[in-house]
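Below is one structure; the comments refer to it alone.
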Amino acid sequence: MSEELIVARGLTKKFGDFTAVDGIDFSVYRGESFGLLGPNGAGKSTTMRIIGATSQRTSGDITILGKDPEKFGPQIRAHLGVIPQKDNLDEQLTVTENLYIYGRYFGLSSKFIKGKVDELLEFAQLEEKRDAKVESLSGGMKRRLTIARALVSEPDILMLDEPTTGLDPQARHILWDRLFRLKEKGVTLVITTHFMDEAEQLCERLIVIDRGKIMAEGSPADLIKRYSSKEVLEVRFGSENNEAVADQLRDKCERLEVLPDRILLYAEDAEHVLEEIMRANMHPKTSLVRRSSLEDVFLRLTGRTLIE
Amino acid sequence: MRKVAAGGSRFVFETRFLNMRKFATIIVMYSVANPLLYLLAIGAGVGTLVNRSSGGIDGVPYLVFLAPALLANAAIQGSMDETVFPTLGGFLWNKTFFGMNATPLGGREIALGVYWAAMLRVVFTVLCYYIVMLFFGVLKAPHAWLALPSGVLAGAAFGAVMLAFAGNVKNEDHFFTFVGRFIIQPMFFLSGTFFPLDSIPIYLRWIGWISPLWHATDLGRYLTYGHATPIWLVWTHIIFLLVMIAVGLTLAFKAFGKRLAK
């Protein structure tokens, strides 16, 4: 295995009586893209702030690049590129000025930063906006600028907290493409998300978190294999009938989940299950056959959906 | 491990300077228009009246008496603008301080960087005021230029305390109402600005005693035309203002650090 960049053991963070992070263990290795998947309020952002050496743990241990963030905050932060959940760009300044000042915060020389700006603007596809005030940019552009800004110091670890939340589908895909390029270059990524498609696209390995605890760990494919069937059949009988019908469907599949608006039937061959349902003279209002996803893994582990 | 550059506050200062440059026109206009307005209204109006009826105050023409107070007040306004707004912006509006804190910079560097930039604005404002006064020919005191350091000191003291205040603000609406009505206004009128402090009732004088404006104004009057301030009081003024700077900054560092750590 390659070098461990982040090691957490029994990591715990409490805010008064509330335990946001509840004794979690994980490691992140150089060059991998590591994900924290879980619903809002699961403790992902808190964990990110502890890794980012801006928030201190209550108990447990963590080292980043071999150092304790409680003692070496600024030194650790010098190696990180942080993309927070909400952009905190300087809206009054231009795109280029934002890159410039951020580089300066790391103590980089003006000459070094100026030499790097073009490359960063190209990466963020913002060349034409170089002298535009940040205020005037779209949400997707601001997000890309925030990522470019985090890259100015050539960080060892890039940390992305909910990178595409609030973006439209097209902007999301552009962003994923940019992040994928970073991954290919061997940049270590730590990503939190409550979107299972994002986790599947970007993370080689992930932990599923719920209520501050780790529910499972592995690659997306691994987790799906371990906790779900190959395929899923989604059927809708109308929200009032779903409960009643569920009992008759139970023996037709490996496992079944009743959600408020639909029933999920887990099976190796979902098409076949649908045929059997039809043969039994039951007629769902809508039906959909799909592959299992991390959403199903989460549902299996917690009994809840990711986006509530 | 990478080395962390010492004196990170200068990078925050740089950011603030870039920001101030965007508002340069407004800042310059304000810095010139403000003294023009005061000198026209008070110099030509109130001043003439006072001089005619009593031959000035304190043995000097009214505007000589007033000049140190106006300078100190301008300094206070400038330092208020450049500490309160950037701090509310950094913590509440754009949350840029959290971005800075994701780099090697900490609360102390951020607070100090904002403070240095505010001091640049204070010096600029006071200089503008001074130049306008030169044109009006009101700087007749023997050491008129000594109102510059006393004015800057007022801005430095008030700015440090405001930085700490703003660093603790979670809801800006109440803050502005509170500071405007209960601090700035009473301080402006009751700090011996337009008339000597000992000409107001004793039960209101405490406002002057705790006001950086009064301490700086009285100090300025002593320095510029030799107002009869006992030497112990001169030192009290200087120490009071220096202590305000030290306490204000200490509290600001604490507030910023705590706010960022979450």
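Structure data summary
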{"read-out": "Region B:130-172, residues that are under 27 Å from B:L249 (Cα atoms) and either modelled with pLDDT under 90 or of a type in the set (K, R) (or both)", "value": "B:K170, B:N171, B:E172"}
{"read-out": "Residue tally, condition among the hydroxyl-bearing types (S, T, Y) and exposed (fewer than 11 other Cβ atoms within 10 Å of the Cβ), over region B:175-204", "value": "3"}
{"read-out": "Selection count where residues are free of Cβ contacts under 8 Å to residues at least 12 places away in the same chain and assigned to a helix (DSSP H, G or I), scope region B:16-28", "value": "6"}
{"read-out": "Residue within region A:281-297 that is among the hydroxyl-bearing types (S, T, Y) and modelled with pLDDT under 90 present", "value": "no"}
{"read-out": "Check on B:A216, aliphatic (A, V, I, L, M) and buried (at least 24 other Cβ atoms within 10 Å of the Cβ)", "value": "yes"}
{"read-out": "Pairs where the first residue, in region A:99-121, is at the interface with chain B (Cβ under 9 Å from one of its Cβ atoms) and the second is buried (at least 22 other Cβ atoms within 10 Å of the Cβ) and among the acidic types (D, E), C-beta under 8 Å, 6+ apart", "value": "A:I101/A:D90"}
{"read-out": "Residue within region B:119-137 that is in a loop (DSSP other than H, G, I, E, B), more than 13 Å from every other protein chain (Cβ to nearest Cβ) and either of a type outside the set (A, V, I, L, M, F, W, C) or touching a helix residue (DSSP H, G or I) at 6+ places or on another chain (Cβ under 9 Å) (or both) present", "value": "yes"}
{"read-out": "Among residues of region B:241-262, those that are in a helix (DSSP H, G or I) and within 14 Å of another protein chain (Cβ to nearest Cβ), counted", "value": "6"}
{"read-out": "Strands (runs of 3 or more DSSP E) fully within region A:184-280 counting 3 or more residues that are surrounded by fewer than 21 Cβ atoms within 10 Å (Cβ to Cβ) and not aliphatic (A, V, I, L, M)", "value": "A:213-218, A:231-236"}
{"read-out": "Failed condition for A:A42, given (1) buried (at least 21 other Cβ atoms within 10 Å of the Cβ); (2) farther than 30 Å from A:I224 by Cα; (3) at pLDDT below 95", "value": "(2)"}
{"read-out": "Given (1) more than 21 Å from A:E127 (Cα to Cα); (2) surrounded by fewer than 20 Cβ atoms within 10 Å (Cβ to Cβ); (3) at the interface with chain B (Cβ under 8 Å from one of its Cβ atoms), number of the condition A:E91 does not satisfy", "value": "(1)"}
{"read-out": "Subset of region A:120-159 (residues that are among the polar types (S, T, N, Q), outside any helix (DSSP H, G or I) and more than 24 Å from A:T46 (Cα to Cα))", "value": "A:Q125, A:S138"}
{"read-out": "Selection from region A:52-82 of residues that are more than 19 Å from A:A20 (Cα to Cα), in contact with a helix residue (DSSP H, G or I) (Cβ under 6 Å, 6 or more places away or on another chain) and either assigned to a loop (DSSP other than H, G, I, E, B) or more than 8 Å from every other protein chain (Cβ to nearest Cβ) (or both)", "value": "A:I64, A:G81"}
{"read-out": "Test result for A:T146, in contact (Cβ under 8 Å) with a residue 24 or more places away in the chain and closer than 26 Å to B:A261 by Cα", "value": "yes"}
{"read-out": "Which listed residue, of B:T25, B:T96, is among the hydroxyl-bearing types (S, T, Y) and in contact with a helix residue (DSSP H, G or I) (Cβ under 7 Å, 6 or more places away or on another chain)", "value": "B:T96"}
{"read-out": "Candidate set: region B:78-116, residues that are aliphatic (A, V, I, L, M) and within 16 Å of A:V82 (Cβ to Cβ); chosen: the one nearest to the other protein chains (Cβ to nearest Cβ)", "value": "B:A102"}
{"read-out": "Check on A:R290, in contact with a Phe, Trp or Tyr (Cβ under 7 Å, 6 or more places away or on another chain), touching a residue at least 24 places away in the same chain (Cβ under 8 Å) and under 14 Å from A:V232 (Cβ atoms)", "value": "no"}
{"read-out": "Top-ranked residue of region A:152-165 - restricted to ones that are within 13 Å of chain B (Cβ to nearest Cβ) and either surrounded by 20 or more Cβ atoms within 10 Å (Cβ to Cβ) or in contact with a Leu (Cβ under 6 Å, 6 or more places away or on another chain) (or both), ranked as nearest to A:R181 (Cα to Cα)", "value": "A:L158"}
{"read-out": "Residue within region B:29-40 that is within 14 Å of chain A (Cβ to nearest Cβ) and either surrounded by 17 or more Cβ atoms within 10 Å (Cβ to Cβ) or touching a residue at least 40 places away in the same chain (Cβ under 8 Å) (or both) present", "value": "no"}
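Per-residue answers, yes or no, for (1) within 19 Å of the chain's Cα centre (by Cα); (2) in contact (Cβ under 8 Å) with a residue 60 or more places away in the chain; (3) within 24 Å of B:T224 (Cβ to Cβ):
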{"residue": "B:Y129", "(1), (2), (3)": "yes, yes, yes"}
{"residue": "B:V132", "(1), (2), (3)": "yes, yes, yes"}
{"residue": "B:L146", "(1), (2), (3)": "yes, yes, yes"}
{"residue": "B:L153", "(1), (2), (3)": "yes, yes, yes"}
{"residue": "B:A157", "(1), (2), (3)": "yes, yes, yes"}
{"residue": "B:L163", "(1), (2), (3)": "yes, yes, no"}
{"residue": "B:V169", "(1), (2), (3)": "no, yes, no"}
{"residue": "B:F176", "(1), (2), (3)": "yes, no, no"}
{"residue": "B:R181", "(1), (2), (3)": "yes, no, no"}
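Yes or no, residue by residue, for (1) in contact with a strand residue (DSSP E or B) (Cβ under 8 Å, 6 or more places away or on another chain); (2) closer than 30 Å to A:F18 by Cβ; (3) in contact (Cβ under 8 Å) with a residue 12 or more places away in the chain; (4) not aliphatic (A, V, I, L, M):
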position	(1), (2), (3), (4)
A:V208	yes, yes, yes, no
A:Y227	yes, yes, yes, yes
A:R255	yes, no, yes, yes
A:A267	yes, no, yes, no
A:L274	yes, no, yes, no
A:H283	no, no, no, yes
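One line per residue, one yes/no per condition, for (1) more than 10 Å from chain A (Cβ to nearest Cβ); (2) surrounded by 14 or more Cβ atoms within 10 Å (Cβ to Cβ); (3) touching a Phe, Trp or Tyr at 6+ places or on another chain (Cβ under 7 Å); (4) at pLDDT 90 or above:
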position: B:K3; (1), (2), (3), (4): no, no, no, no
position: B:R10; (1), (2), (3), (4): no, yes, no, yes
position: B:A44; (1), (2), (3), (4): yes, no, no, no
position: B:I57; (1), (2), (3), (4): yes, yes, yes, no
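The values are calculated or read from the model by the stated rules, or taken from the named source; none is laboratory data. Everything numeric here is computed off the predicted structure, so don't read it as measured data. Here the Cβ is made from the backbone with ideal geometry for all residues, glycine too, and neighbour counts use every protein chain on show.
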